1. Please identify the pairs in which a residue from region 59-72 that is within 11 Å of TYR9 (Cα to Cα) has its Cβ atom under 8 Å from the Cβ atom of a residue that is among the β-branched types (Val, Ile, Thr) and surrounded by 10 or more Cβ atoms within 10 Å (Cβ to Cβ), counting only partners at least 6 apart or on another chain.
2. Is at least one residue of region 69-82 farther than 18 Å from LYS6 by Cα and surrounded by 11 or more Cβ atoms within 10 Å (Cβ to Cβ)?
3. In region 60-91, how many residues are farther than 18 Å from ALA23 by Cβ, of a type in the set (Asp, Glu) and assigned to a helix (DSSP H, G or I)?
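Every read-out reported here was derived from the displayed coordinates using simple, explicitly stated rules and does not represent laboratory data. Treat the numbers as computed from the prediction; the structure is a model and nothing was measured. Using ideal geometry, Cβ is built from the backbone for each residue, glycine included, and neighbour counts are taken over all protein chains shown.
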Amino acid sequence: MCRNIKVLYNFEPPTTDEEVHAAALQYVRKVTGMQKPSHANEAAFERAVEAVAGVTERLLAELVTSATPRDREVEAERRRARAAVRFGSAA
């Protein structure tokens with residue numbers, strides 16, 4: 001999976017439309033191999049992003065869990081710690 005796509009499920013506060021759209025954009029970029037589509041492919045690319053975002057929103061709305069919601073700050077700190085180990089600290 002693309003490293004830029006983050007877990008979106010079970011957060012407090014809930015995942016935003018912008019986060020879903022960003023994940024959908026990253027997914028479509030990954031599967032097409034295009035950072036920015038040509039003018040000829042722009043409409044198809046945007047339709048795909050919107051379709052993936054819509055499916056993602058429906059999936060997140062339908063999932064059920066008894067787990068407590070994740071804390072965004074705790075998850076962000078975990079990502080930073082993993083990045084520091086992986087790439088070294090910039091200190």
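1. These pairs meet every condition: LEU60/THR15; LEU60/VAL20; ARG70/VAL7.
2. Kept after step one, since they are farther than 18 Å from LYS6 by Cα, are these residues of region 69-82: none.
There is no residue in region 69-82 that is farther than 18 Å from LYS6 by Cα and surrounded by 11 or more Cβ atoms within 10 Å (Cβ to Cβ).
3. 2
Yes or no, residue by residue, for (1) aromatic (Phe, Trp, Tyr); (2) touching a Ser or Thr at 6+ places or on another chain (Cβ under 8 Å); (3) under 23 Å from LEU63 (Cβ atoms); (4) part of a loop (DSSP other than H, G, I, E, B):
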residue	(1), (2), (3), (4)
TYR9	yes, yes, yes, yes
THR15	no, no, yes, yes
GLU19	no, no, yes, no
LEU25	no, no, yes, no
ARG29	no, no, no, no
GLU42	no, no, no, no
PHE45	yes, yes, no, no
VAL49	no, no, yes, no
